[in-house]
Structure formats: C-alpha cells, structure tokens
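Some notes on the structure that comes next.
The values are calculated or read from the model by the stated rules, or taken from the named source; none is laboratory data. Just so it is clear, the structure is predicted and the values come from calculations on it, not from any experiment. With ideal geometry, Cβ positions are generated from the backbone for all residues, glycine too; neighbour counts draw on all protein chains shown. What goes into the accessible areas is simple: the full protein's heavy atoms, side chains included, and nothing from ligands, DNA or RNA. Shrake-Rupley method; radii C 1.70, N 1.55, O 1.52, S 1.80 Å.
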Amino acid sequence: EPEVTQTPSHQVTQMGQEVILRCVPISNHLYFYWYRQILGQKVEFLVSFYNNEISEKSEIFDDQFSVERPDGSNFTLKIRSTKLEDSAMYFCASSEGSGVGEKLFFGSGTQLSVL
Amino acid sequence: AQSVTQPDIHITVSEGASLELRCNYSYGATPYLFWYVQSPGQGLQLLLKYFSGDTLVQGIKGFEAEFKRSQSSFNLRKPSVHWSDAAEYFCAVGVSSGDKLTFGTGTRLAVRP
C-alpha cells in the first residue's frame, strides 16, 4: 500500500524557535491535512489544504502556523515561534478526494518536543 | 459540535480471547464513524467505517463494528485476538459537510501470550 512519509520522526527545539515539519503525501493525492496529538489527549484536526489553499482550519491553527506545498511532492507545516504547548505528535495525511468519505492515509508522525 | 469518547484507556486481553473496544459519539445527525489503528512506529491505518446502511460493518484484520443509534455507540469487536493486534485504537467521527475527523483519546490494547 502507498505511504505518506514524514520527516523527521523526532524534532527537539527551543521555545521561540521556528520549526518546519515535512511530509511527502501519496503522489496522486490532491488533499492534504495536518493533525496533532498532545500526549494523553485526542488527535486534533489542524488544517486541510487543496489547490494551494487552506480549505478548513481549526481554532488551534493560529497565525503561528502555516502550511505550504513548495513543490510537487512536499507538504510542510511551519510553526514560527514554538511554545511549550506545541509539544505533540504531528500527523500528516492525504487523500484522493475531499470529504470524510475519502480514505485518509496517515504518516507515522513527527514527535515535536519544545524545551 | 461532534465529539467522541473512548472510556477505556488501556485494555489487556489474552491471545485468542474476544475483544470489544467501546466508542460513544455525540452528534445531532447520523455521523460518519471510523476506527483507526496505530501500531508502534506506524501511521494511523483505517480499520473500517460506517456511513449508512447495514449497522454491522466489517473491516480489515478480522475486525467488525456495530453502529447503535439508540446508544450512540460504535464499538469495535474481534472474536479472537492475535498478538499482532497490540496497538492503539482510535474511534473518530466525521460530518458530511466537512472533511475533518474528530478523534477519541484512543485505547491502548495489550495482548497477553
């Protein structure tokens, strides 16, 4: 089965630093997502992205967050000035089409630790 | 807004025993319901989903789930657990008008030999 690839698997950063989490979605997919899971809490939706635009975003996705598809294969999540509470597992996902009826393919996640 | 509750944080079963993982949802209309599994070092993998029709749905790896509207539940079952089923299981709900999923906190399954 095709895979969504996320790098790095672990990222440690200092509070206030910028981080970029990288994802390579499945090649023929058009819809891209970021979710995150703070330790012991629920997996939370952050943002969906299609046609180089944000389709939907949660209240978590404030001005400190941005997403980009810089080329035909990568999808990135940038946190401009990290806070302690940004420490979480971040999951990238992609799908062929939009809507909850489409099968989401998730990556294995990037564990972000903000010190 | 929709929400999902998975009341069991950890469950341990013996290999070969049956399994039921509980999931309750809150949503005004008929939701779209999902079960995902995450094995160590892996991404979230879709086990099964319910949109409409037959309330008993079959998934991969021998799992099934039953939608019970009266109980707002979508419990996951497997008649005989294998050691390889040890993982974290997430229930999720979606709505037809959007493309985001709302997840529960997950249930970590351990399997005794």
Stretch A:Thr13-A:Leu39 to full length: gain in nm at 0.36 nm per residue minus the Cα-Cα span?
7.7 nm
Farthest toward the dipole's positive end in chain A, which of A:Val19, A:Val47, A:Ile60, given Cβ charges of +1 (Lys, Arg) and -1 (Asp, Glu) about the Cα centre?
A:Val19
In whole Hz, the Karplus estimates of ³J(HN,Hα) for the range B:14-19 (6.51, -1.76, 1.60; θ = phi - 60°; x where Gly or Pro) are 7, 4, x, 7, 7, 9
Let me confirm one metric for peptide A:105-111, namely the mean number of other chain beta-carbon atoms within 10 Å of its residues' beta-carbons.
4
Pull up all non-local amide H partners of A:Gln17: gap of 5 or more, or a different chain, and H-to-H distance under 5 Å with H placed in the peptide plane.
A:Thr82
Rounded to 0.05, the calculated FRET efficiency for the beta carbons of A:Glu59 and A:Leu30 at R₀ = 30 Å is 0.75
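So, for chain A, what is the accessible surface per residue at a probe of 1.4 Å, expressed in square angstrom?
Working: 5700 Å² over 115 residues.
Normalised by residue count, the accessible surface of chain A is 50 Å².
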Spatial separation of Cα centroids for the range A:1-40 and the range A:97-114, in angstrom:
8
Separation of the range B:34-61 and the range B:1-30 by C-alpha centroid, Å?
12
Residues of the range A:15-64 buried by at least 20 Å² on assembly (accessible area, 1.4 Å probe, chain alone as reference)
A:Tyr33, A:Tyr35, A:Gln37, A:Lys42, A:Val43, A:Phe45, A:Glu56
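Take every residue in peptide B:3-10, count the Cβ atoms of other chains within 10 Å of its Cβ, and give the average of those counts.
Numbers: counts 1, 2, 1, 1, 0, 0, 1, 0.
If you average over the peptide's residues, the count of other-chain Cβ atoms is 1.
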Descending packing, highest mean Cβ count within 10 Å first, for B:25-31, B:2-8, A:41-47, A:58-64 is A:41-47, B:2-8, B:25-31, A:58-64
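Restricting to Cα pairs below 8 Å that are 6+ residues apart, what does the relative contact order work out to for chain A? Please round to a whole percent. Mind showing how you got there, number by number?
Values: 277 pairs, mean separation 44.0, N = 115.
Here the relative contact order equals 38 percent.
What's the average, rounded to a whole number, of partner chain beta-carbon atoms within 10 Å of each residue's beta-carbon in A:94-103? Kindly include the intermediate steps, with their values, before the conclusion.
Working: counts 0, 1, 0, 1, 2, 7, 16, 6, 1, 3.
That works out to 4 on average.
Report the calculated FRET efficiency for A:Gln111 and B:Ser70 (r = Cβ-Cβ distance, R0 = 41 Å), to the nearest 0.05. Display every interim value, and only then the final one.
On the way: r = 40 Å, r/R0 = 0.97.
Computed FRET efficiency for A:Gln111 and B:Ser70: 0.55.
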Probe 1.4 Å - accessible area at A:Glu1, Å² to nearest ten
150
Hey, if we sort A:Val24, B:Val95 by accessible area with the 1.4 Å probe, largest down, what's the order?
A:Val24, B:Val95
Heavy-atom accessible area order for B:Lys78, A:Lys103, B:Lys61, largest first, 1.4 Å probe:
B:Lys61, A:Lys103, B:Lys78
At what distance in nm do the modelled label points of A:Leu84 and B:Lys61 sit from each other, each positioned 7 Å from its Cα along Cα→Cβ?
3.6
